[in-house]
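Participant: One structure, as structure tokens, below. Some questions next.
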Amino acid sequence: MTAMDGVPPTDQSDLPAGFVSRLEAFIIDLIILVVGSVVAIWLIESIIRFFAIYLLWPNLSSVQFSPFVSLLIIMAYFMYFWALLGYTPGKLLLGLKIVRRDGSKLTLGRSFLRFIGYWVSAVPLFLGFIWIIFDRKRLSWHDRLAGTQVIYDRSKRLRN
Amino acid sequence: MEISLGAETSALHLRYSLIGFLFQAIDTGHNTFSSLGKASSRAYSSLSRMFAPLTKSRFWRPVQNNFDNYAAVGEAIVNSWINIGRREELASRALARQQAYEGIINDIIDYLADKPEVRDLVQQQSVGLAEEFVEEIRDRSTEFDSLLEERVNRLLGRQKNV
């Protein structure tokens, strides 16, 4: 018998998603981003070597540009997926979706605001993320800042 | 008994005749060597009886010793050949067995790959398994969400969130 045996399975379509699901989705996204960043930096470094760009800028190395490349990739990844699809690969796997409070899709500007909100949530020891557990509407600080919410998207579910 | 399977070319006939010859040659060779062995054994016993006064004499002893030495060397060489043959045959058998297994496995894979029903079934099973796995993770995560909030609410003495 598991700890969850007492919890009846309910159809929670379009209800705000909880902390555990969102955390798992975030970890999956992080893994994808880490792999993606490593590949991208390796690719850029290979291009620099191939075209001998280091002859023009002898001090240019991956140590200098990798933080910017990583930040750019992270930003592009989240903003692209949020605005275009409404979910990142991690959220898709967990059957979650990001929408505005009225249920409409995010714009690029709102995605950018939400991305800035990530840092606001992360700086005070990730309190903005942990806030999901205590918030009655399961909203994080970045959700509140961007006027968004993460919901369970049952249309992505495979089992009825 | 004659076996005929469709049109056979003269090249095929030649191949079959060579195979047949090899099979028959083994039996014929075995019989011939067996007869030769028996004949030489009889000849040896007759000759040894005939030359017994000479071979058992004192003058013959150095010749006998040399012969024994050569025979020992020859026996050692033959023994080494037997060992090599035994080892090589085992290795060849293992190799042949491995190739036969690989051939069978490849044939089975080819057969399965050629059958669209089997291919679809395998594909369906794989997709179904992955879907089940993802759904299980989603369901468990949703349950954990509720469980965690229940605990927090109980701790804070609050009503259910959503």
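Participant: Is it fair to say B:S146 is under 23 Å from A:P89 (Cβ atoms) and either at pLDDT below 90 or small (G, A, S) (or both)?
Facilitator: Working: under 23 Å from A:P89 (Cβ atoms): no; either at pLDDT below 90 or small (G, A, S) (or both): yes.
Taking the combined requirement at face value, the residue does not satisfy it.
Participant: Could you say which residue among A:G90, A:G128, A:G117 is of a type outside the set (V, I, T) and in contact (Cβ under 8 Å) with a residue 60 or more places away in the chain?
Facilitator: Values: A:G128 fails: in contact (Cβ under 8 Å) with a residue 60 or more places away in the chain; A:G117 fails: in contact (Cβ under 8 Å) with a residue 60 or more places away in the chain.
Only one candidate qualifies: A:G90.
Participant: Scan the stretch A:83-100 for residues that are among the basic types (K, R) and within 14 Å of chain B (Cβ to nearest Cβ) and jot them down. Steps first, answer last, please.
Facilitator: Initially, the stretch A:83-100 is screened for residues among the basic types (K, R), giving A:91, A:97, A:100.
Those that are among the basic types (K, R) and within 14 Å of chain B (Cβ to nearest Cβ): A:K91, A:K97.
Participant: Still on this structure, I have one more. If B:R58 passes every condition in (1) in a loop (DSSP other than H, G, I, E, B); (2) of a type in the set (K, R); (3) under 24 Å from the mean Cα position of the chain (by Cα) but one, which one does it miss?
Facilitator: Result: B:R58 fails condition (3) only.
Participant: OK, next. Looking at the stretch A:73-85, is at least one residue in a loop (DSSP other than H, G, I, E, B), surrounded by fewer than 18 Cβ atoms within 10 Å (Cβ to Cβ) and without any contact (Cβ under 8 Å) to a residue 24 or more places away in the chain?
Facilitator: Within the stretch A:73-85, the subset in a loop (DSSP other than H, G, I, E, B) is A:85.
Of the ones still in play, those that are also surrounded by fewer than 18 Cβ atoms within 10 Å (Cβ to Cβ) are A:85.
Subsequent filtering for residues that are without any contact (Cβ under 8 Å) to a residue 24 or more places away in the chain retains A:85.
So far as the stretch A:73-85 goes, yes, one or more of its residues are in a loop (DSSP other than H, G, I, E, B), surrounded by fewer than 18 Cβ atoms within 10 Å (Cβ to Cβ) and without any contact (Cβ under 8 Å) to a residue 24 or more places away in the chain.
Participant: Does the stretch A:118-142 hold any residues that are surrounded by fewer than 18 Cβ atoms within 10 Å (Cβ to Cβ) and away from chain B (no Cβ under 14 Å), and which are they?
Facilitator: A:W119, A:V120, A:A122, A:V123, A:P124, A:L125, A:F126, A:L127
Participant: Something else now. Looking for something surrounded by 11 or more Cβ atoms within 10 Å (Cβ to Cβ) and within 12 Å of another protein chain (Cβ to nearest Cβ) - is there at least one such residue anywhere in the stretch B:60-69?
Facilitator: No, there is no match, as no residue in the stretch B:60-69 is surrounded by 11 or more Cβ atoms within 10 Å (Cβ to Cβ) and within 12 Å of another protein chain (Cβ to nearest Cβ).
Participant: Confirm whether B:E8 is at negative phi and either part of a helix (DSSP H, G or I) or loosely packed, with under 10 Cβ neighbours inside 10 Å (or both).
Facilitator: Considered against the rule, which asks whether it is at negative phi and either part of a helix (DSSP H, G or I) or loosely packed, with under 10 Cβ neighbours inside 10 Å (or both), B:E8 comes out as no.
Participant: Please find, within the stretch B:128-162, the residue that is farthest from A:R138 (Cα to Cα) out of those that are at the interface with chain A (Cβ under 9 Å from one of its Cβ atoms) and among the aliphatic types (A, V, I, L, M).
Facilitator: It comes out as B:V134.
Here is a yes/no grid of residues against (1) of a type in the set (D, E, K, R); (2) closer than 25 Å to B:S45 by Cβ; (3) outside the structural domain of B:S45 (by TED's automatic domain parsing):
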| residue | (1), (2), (3) |
| --- | --- |
| B:T55 | no, yes, yes |
| B:N66 | no, yes, yes |
| B:R87 | yes, no, yes |
| B:S92 | no, no, yes |
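The values are calculated or read from the model by the stated rules, or taken from the named source; none is laboratory data. It should be emphasised that the depicted structure is a prediction, and the values quoted were computed from it without experimental measurement. Ideal geometry is used to build each Cβ from the backbone, glycine not excepted, and the neighbour counts take in all protein chains shown.
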